[in-house]
Amino acid sequence: MLNPEVVTPLFYFGSGLSFLLVVQKLIPPIKRREDRIGALLFLSLGIILFTVANVVLEIDRTYPHAIFLLLTSFSAIGPLSLLYTHSLIYPNQTLYRDIRLHFLVPGLFLLGEIFFFGRPWDSIISDLGDFRNIRYKHYLSWGFFITTALTTAYFGFRYRMLLTVISIPELKSQIRFIFILATITVFAMYSLVFGFMFGLDVLFRVGGLLVTGIVTLLFLAPSRYPDFFAPLTREVRKKKYEKSLLIGLDLNLLELRIQELMREDKLYRDPELTLHSLSEDLGIKPYQLTEFLNEHLQTGFHNYINGFRIEEAVKLLEEKLDQDILSICYFVGFNSKSSFNDAFRKVTGKTPTQLRQKKSDVPEKQKMHTARTGVPPLGKGLGGMVELGDSDRISVKNRPIKAENR
């Protein structure tokens, strides 16, 4: 029943279905945050199923690159599953302060795989042959054991997140569905890892079949229940509103006060400004300020503050052409050039140098025109020199009131 001739076509089928789901997630012109995370999740599942089929057929003995990215994909399942669940439950909330930290381990495994498979062909085949022979005693097994432990921890956090909303009667079907899928996924992961490490071929193939079943279910479920997760977001928002920590506060006044501190007092220029210190200036608790920014302005603390910093930096870069970029960086409140460049590019789509270069190109062209024709260029302002109006300037809208991850 579980011989290679039967199960491998199913694994390849599940792999192809996963890649099809990746395309499906990326086709819509407006991609939601959960669509992008879901695409990465299905890509990882597709790679796992493809390589599992190649392992069962022992293709890797001849073509070792047939299992390339297996370990990286395994290690990405935990972070992606947690972030996908978070996106379903809290669609307008920023994910985490630095999402890159969740992919530190998958990134290290990716570098390790690139190094491993970049070696001479004979060395790779020899190492993989030894791995098949001694299994869990081989040094490669440590990567899979570490990944298993890390993924277990991520699914533990995922279960805890689901427990926060399981008491809502209207969500029992959705939460039960996610719980079942998560449990099957964990069992499938253990089956694949321990089935291979201890030479239990049947258990290994069962794990592959479970992953195939999960992918197939996720492919068919939207057709039968297109709005299955809609009540999840609606009820979670309702519950959060009922338990809001902002009840009793004048939110309009709070927004005016925080705008006053930014626009008039230029509080964002302080590089030591923190959520704690700003909440003290506002006369509220830090957790209240966090909820206000997340739920009412759909942003996080750092994005909100950086929006004001970048807005002033753009003006200074345009108007103070003789002032160096680093001094502007420190003046508006950043404490390093790298963080300034990252935030600047996120808001404007350009680096500070690119924006200033575009600005300085205008007077340069004017000089060339005058030198060539002897006639100053026509334009607004005295002496024929062009004076940029408000509509000509590169505008930076108050970015903080928009969600960073939608």
Fill in: Residue (of Thr290, Ile305, Gln354) at the positive-pole extreme of the range 251-359, dipole from beta-carbon charges
Gln354
Worksheet entry | Cα-centred dipole magnitude for the range 4-243, charges only on beta-carbon of K, R (+1) and D, E (-1), debye, nearest 20 | 1120
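At a 1.4 Å probe radius, carbon and sulfur cover how many percent of the accessible area of the range 251-359?
On the way: 2670 of 5480 Å².
Roughly 49 percent of what the probe reaches on the range 251-359 is carbon or sulfur.
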Discussion item. I'd like to check one number: the per residue accessible area of the range 4-243, probe 1.4 Å, reported in Å² as a whole number.
Written reply: 51
Worksheet item: How much accessible surface does His302 have with a 1.4 Å probe, in Å² rounded to 10?
Response: 90
Worksheet item: Gain in length, His276 to Ile125, computed as 0.36 nm per residue apart minus the alpha-carbon separation, to one decimal in nm?
Response: 48.8 nm
Worksheet entry | Heavy-atom surface of the range 251-359, accessible at 1.4 Å and reported per residue (Å²) | 50
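In debye to the nearest 20, how big a dipole does the range 258-352 give about its Cα centre with +1 on each Lys and Arg Cβ and -1 on each Asp and Glu Cβ? Please report the intermediate quantities before stating the final value.
On the way: 11 positive and 16 negative charges, 75 e Å.
Rounded to the nearest 20 debye, it is 360 debye.
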Item to complete: Using packing as a proxy for protection, rank 306-315, 281-290, 341-350 so that the peptide with the highest average count of other Cβ atoms within 10 Å comes first.
Response: 306-315, 341-350, 281-290
Discussion item. Suppose the chain between Tyr63 and Lys137 were pulled fully straight at 0.36 nm per residue; how much longer would it get relative to their current alpha carbon spacing?
Written reply: 24.4 nm
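Could you rank the peptides 128-138, 77-87, 200-210 by their average count of other C-beta atoms within 10 Å per residue, with the highest value first?
Values: 128-138: 14.2, 77-87: 23.1, 200-210: 18.9.
Top to bottom by mean Cβ count within 10 Å: 77-87, 200-210, 128-138.
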Discussion item. For the range 289-309 and the range 178-203, what is the centre-to-centre distance using only Cα atoms, to the nearest Å?
Written reply: 41
Discussion item. As a test question: what accessible area, to the nearest 10 Å², does Met197 have when a 1.4 Å probe is rolled over all protein chains in place?
Written reply: 0
Discussion item. Probe radius 1.4 Å, ligands and nucleic acids ignored: give me the carbon and sulfur share of the accessible area of the range 35-164 as a rounded percent.
Written reply: 69
Fill in: Of Lys266/Lys320; Lys31/Lys172; Lys315/Lys358; Lys266/Lys358; Lys266/Lys337, those spanning more than 23 Å from alpha-carbon to alpha-carbon
Lys31/Lys172; Lys266/Lys358
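The values are calculated or read from the model by the stated rules, or taken from the named source; none is laboratory data. Remember, predicted model here, so these are calculated numbers, not experimental data. Cβ atoms come from the backbone with ideal geometry, glycine included; neighbour counts cover every protein chain shown. These area figures cover heavy atoms from the full protein model, side chains too; ligands, DNA and RNA do not enter into them. Shrake-Rupley method; radii C 1.70, N 1.55, O 1.52, S 1.80 Å.
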